[in-house]
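Worksheet for the structure shown next.
Here, each number is a calculation from the coordinates, and none is a lab measurement. Because the structure is a prediction, the values reported are computed rather than measured. Every residue, glycine among them, receives a Cβ derived from its backbone with ideal geometry; neighbour counts consider all protein chains shown.
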Amino acid sequence: MTSSSYPNATIATARPGWRLGNGSCFRNHVSIRRIVEALIARQPIFDRNRQVYGYELLYRSDRAHNEFDGTESAFATKQVISNTVMSIGLENILGDKKAFVNFDQRLLSEGIYLNLPPQAAVIEILESVAPTADLIALCRAVREQGYMIALDDFVSTPQFEPLTELAQLIKVDIRSTSVPEQERLLHTYKPRGIQLLAEKVETYEEFERVLAAGYDYFQGYFFARPSMIHRKEVPAQKLTCLLLLSEVQKPEPDVKRLDDVIRGDVALTYKLLRYVNSALFGRDGHVQSIERALVILGTDNIRRWAGLATLPRLAVDKPGELATLAIVRARFCESLIKLAGISLADEAFLMGMFSLLDALVDRPLDEALRSVGVGPEITNALLGTASDESTLSRTYRLSRGYERGDWDQVETLTQAYGFEASAVRDAYLGATLWASQMLHVAGN
């Protein structure tokens, strides 16, 4: 498949004998009873300005249980690389950001990393590897070929010191590393020109602490949580967006009222006319009236456009990834519902779109949802108060589990739905492609 196959993204499954890199092949180096299809998710990595620097590609095969020997993990890594490079395309899943991919000694020796362009790849050396002379020689060769080397879940020991001479980046798990040890690592390695990345940053308070400490990069979902230490007034621009979202949630939105809200905001007017005149609707710029555009779109497309147009503006003082994640999640949830053959696609899309509203407006989620008039079924699913039998709740939990790389939960929920985990993977990758295209079409 090529990138032109959008939006029905499917991932080619590598066959035994498919050669990669320096000529090593799956058949010669991987002993398996059946083809393992790799699940691929991505977790953003931010710089000090809270801009996305890269994505770590999370992978695991959809075996019957979530435990692997080294052979199967290695195969999963090969699948990730073959899927992203040969099927989807790095530019589609990563844009212009870097790909962080885990490697052990055997994968390095097979030259699998050569399928990744040096300017786009960060080779993560797993913490489980033994720092042998052979591994150090391999890392030196990788570095000389222009690749960036990162040490994952780094723990400072004399045995690993030779690897720090080759690494440009060290990843520190702030949950398992004491604050005094973190300070020692920063004081030891930053003067040597090595950048440090804080892993598992889950709250904004943690982000502020590690930012002040001097870390260069940050990984975790701190960006997707509200910051409510000091309650802030919602800026006027965000109020307009919330007003628009509130209006489109009504069973029968008032076109005249929508016209008034949009007309009062030049940016929203531009975004609406650009959207309705785009190739998506087979038009070439002839619609110039807000009211006419709303009539052409119809209720469901108006709701969809409103989310695409307002989420980036709600995230104006947030990491841009926040709006992207909400739109990816909206499409992902919609696709999962369609896979299950359930007629709740519009509700699933809105559920994903509103799932990060608390972080966007710095309000508790229940309050934020009430402010835009979100219905009880979506609200209960997002707040975790829905029953276990709730289709929307199960879909939302599946989407979150996939994003986090919680493959046990993914397997449990996909079995409940009755479709393969590989279908979930394809839906997720398709959602990332769709979100990128739609953000462009919507004028963001």
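Taken one residue at a time, the phi angles of region 254-259 give Karplus couplings (6.51, -1.76, 1.60, θ = phi - 60°) of 7, 4, 5, 5, 4, 4 Hz. Gly and Pro are set to x. Each peptide in 188-200, 350-362 receives the mean, over its residues, of other Cβ atoms within 10 Å, and ordering these scores from highest gives 350-362, 188-200. Averaging the Cα positions of each part gives two centres, and for region 154-213 and region 307-373 these lie 33 Å apart.
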